[in-house]
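Any read-out appearing in this document is the output of simple, stated calculations on the displayed coordinates, not a laboratory observation. All figures in this text were calculated on a predicted structure; none of them were measured in a lab. All Cβ positions, even for glycine, are placed from backbone atoms using ideal geometry, and neighbour counts span all protein chains on display.
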Amino acid sequence: MTHRFVSAAVLGIVAVLVAACASAPAPKFYTLNRTAAPGAPPSTVAVVVGPVSIPAVVDQPQIVVSSSPNQVTIEEFNRWASPLAGNISRVVAENLADLLGTSRVSLFQQSLNVDADFRVAIEVQTFDSVPGDAATMNAVWAVRRTRDGKTESGRTAAREATADKSFDALAAAHSRALSQLSQDIAAAVRTLSRAP
């Protein structure tokens with residue numbers, strides 16, 4: 001009798017857990033995308049993008065939303081499709097390829113044996129997300145000419161309004177902020193290309 005009661009209780013608990021899992025919403029995944037417009041004159045300049053560092057608070061699969069100046073919310077069911085630092089590196093590299101007119105842009109992780117003309121390091125200091133308001137990013141960066149170590153550095157501060165309260169609009173706003181960062185870096189590459 002006791003054995004049957006325990007078995008029935010276990011089956012009941014399993015049924016509740018299965019029902020709970022079945023009713024939980026499936027997570028949605030988002031990615032950043034290139035937004036720079038192609039059209040630069042063709043060039044053969046070689047650029048390596050990375051390393052890219054991001055704040056620890058946003059270095060996780062879930063999208064982290066700023067809910068007040070001192071509070072964040074981790075969106076369990078709204079996630080980045082790939083690690084955020086790698087996502088940022090990829091988008092900046094794709095934007096630079098368009099802005100500089102070159103196919104010779106690679107990522108730091110893939111470039112151990114690549115002869116690059118320039119190396120780009122990026123430290124993202126803030127990467128704030130407020131759905132229905134804006135995506136904000138502040139980053140410091142440095143472009144180093146490999147043949148002599150000559151460096152151009154700068155800071156990019158970007159705030160892009162979101163079109164609506166969706167996380168898709170938020171990801172699009174972050175992509176536009178990365179376009180501004182990419183334009184600043186591309187300008188530094190051009191300056192160093194012309195410098196003696």
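Structure above, values below:
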read-out	value
In degrees, nearest ten, helix 84-100 long axis to first principal axis of the chain (Cα)	30 degrees
Along principal axes, Cα extents of region 107-196, largest first, whole Å	47, 26, 18
Percentage relative contact order, the chain, counting C-alpha pairs under 8 Å, at least six apart	22 percent
Dipole magnitude of the chain, debye to nearest 20 (Cβ charges: Lys/Arg +1, Asp/Glu -1, about Cα centre)	340 debye
In range of the label at Phe29: residues from region 67-87 whose backbone nitrogen is under 13 Å from the point 7 Å along Cα→Cβ	78-84
Estimated FRET transfer efficiency (Ala142, Gln71; beta-carbon r; R0 25 Å; 0.05)	0.15
Spacing of the two label points (7 Å from each Cα toward its C-beta) at Ser82 and Ala161, in nm	3.2 nm
Lys28 long-range amide H proximity, modeled H, under 5 Å	Asn78, Arg79
Bins of 5 Å from zero: percent of alpha-carbon pairs in region 89-139	4, 16, 21, 20, 15, 12, 7, 3, 1
Helix-only mean residue ellipticity at 222 nm for the chain, each DSSP H run of n ≥ 4 adding -39500 (n - 2.57), per residue, nearest 500	-12000 deg cm²/dmol
Pair-distance profile P(r), taking every C-alpha pair of region 60-99, with 5 angstrom steps and integer %	6, 22, 18, 17, 16, 12, 7, 2
Percent of alpha-carbon pairs separated by more than 21 Å within the chain	57 percent
Helix axis angle, 167-194 relative to the chain longest principal axis, alpha carbon, degrees	20 degrees
R0 of 45 Å, Cβ-Cβ distance Asp168-Ala195: FRET efficiency to nearest 0.05	0.65
